[in-house]
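Below is one structure, written out as structure tokens, with a few remarks after it.
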Amino acid sequence: MMFSRHNLLLVWKETQHYFIIAAILFFAGVYVGYSDHAPVEWLKSQIEALQKAVQSTEGADRREQAMFFMILSKNMQAAFMAMILGMIGGFMPIVVLVMNGIVMGFVVGQIFTTSGFGGWEYVAKLLLPHGIIELAAIFLACAFGIRLGISLFRGIWGALIGKSVAWQPFSRTVKGAIPGIVVITVMLVIAALIESTITYWLAQSLTNI
């Protein structure tokens, strides 16, 4: 069965290397964003866009609920665009990972620049509660995107040279992506729920210090 424990473990075994690659690409982006070579003007525009998205929920009767749907929709869009457009040579997932890593690195750098060693408290309260689950979901989505792109290229190449099972890896990847989508969706829902409640409340406690 597609959602059996055996099948899920098999899908993970075939995808874990791409997951590791996704994590490496993201943290390479974090390093760039944290360094002195970060594209500051572009990053400031990204931060402003994020701030506007958060501010758009201020007038809502139930702000936590509005934030939940805003966060979830943005993360779902990023994750599944990375998966689908990953079939174009695996390029889109790489862009998503590196760009998001650069933004994260810049934000962390700004926190430590402003707060010094006390920045660890801000990182722990504002990023870690939801960030671990959210990043794992994004890494998994991008891992499938990269795998889809590579297996599609191999399928096309194999068909051109006359391999009888040219499309088998791509077909197996697509089948594996179906339970992957369910797992990613559940993880993103949990992450958005945490970010719109626990992280939001912790952020308020920090501003009141």
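Numbers at a glance
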| read-out | value |
| --- | --- |
| Unmet criterion (only one of (1) under 21 Å from Pro93 (Cβ atoms); (2) over 17 Å from the mean Cα position of the chain (by Cα)) for Phe26 | (2) |
| Matching residues, the range 25-49, being outside any helix (DSSP H, G or I) and either touching a residue at least 24 places away in the same chain (Cβ under 8 Å) or under 19 Å from Phe144 (Cα atoms) (or both) | Ser35, Ala38, Pro39 |
| Residue check for Ile71: of a type in the set (A, V, I, L, M, F, W, C), closer than 29 Å to Arg147 by Cα, open to solvent by less than 100 Å² (accessible area, probe 1.4 Å) and touching an Asp or Glu at 6+ places or on another chain (Cβ under 9 Å) | yes |
| Helices (runs of 4 or more DSSP H) (entirely within the range 56-169) containing at least 1 residues that are farther than 28 Å from Ile24 by Cβ | 63-85, 91-115, 128-160 |
| Inter-residue pairs, beta-carbon under 8 Å, first more than 16 Å from Val174 (Cβ to Cβ) and in contact (Cβ under 8 Å) with a residue 12 or more places away in the chain and in the range 1-24, second of a type outside the set (A, V, I, L, M) and open to solvent by less than 50 Å² (accessible area, probe 1.4 Å), 6+ apart | Phe19/Phe139; Ala22/Pro93; Ala22/Phe139; Ala22/Cys142; Ala23/Phe139 |
| Filter result (open to solvent by 100 Å² or more (accessible area, probe 1.4 Å) and part of a helix (DSSP H, G or I)) within the range 1-24 | Arg5, His6, Trp12, Lys13, His17, Ile24 |
| Any hit, the range 161-177, residues being open to solvent by 30 Å² or more (accessible area, probe 1.4 Å) and touching a Phe, Trp or Tyr at 6+ places or on another chain (Cβ under 8 Å) | no |
| Residue within the range 81-103 that is farther than 29 Å from Leu152 by Cα and open to solvent by 40 Å² or more (accessible area, probe 1.4 Å) present | no |
| Qualifying residue in the range 178-199 (condition: open to solvent by less than 70 Å² (accessible area, probe 1.4 Å) and in contact with a Ser or Thr (Cβ under 6 Å, 6 or more places away or on another chain)) | no |
| Output for the range 51-62, where each listed residue is surrounded by 13 or more Cβ atoms within 10 Å (Cβ to Cβ) and in contact (Cβ under 8 Å) with a residue 12 or more places away in the chain | Ala53, Val54, Thr57 |
| Whichever residue in the range 117-126 is open to solvent by 30 Å² or more (accessible area, probe 1.4 Å) and either without any contact (Cβ under 8 Å) to a residue 40 or more places away in the chain or within 25 Å of Leu152 (Cβ to Cβ) (or both) and, among such residues, is nearest to the chain's Cα centre (by Cα) | Ala124 |
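The values are calculated or read from the model by the stated rules, or taken from the named source; none is laboratory data. Everything numeric in this text was worked out from a predicted model, so none of it was measured. Quick reminder, even Gly has a Cβ in these numbers, built from the backbone with ideal geometry, and neighbours come from all protein chains shown. Ligands, DNA and RNA are excluded from the accessible area calculation, which covers all protein heavy atoms including side chains. Shrake-Rupley method; radii C 1.70, N 1.55, O 1.52, S 1.80 Å.
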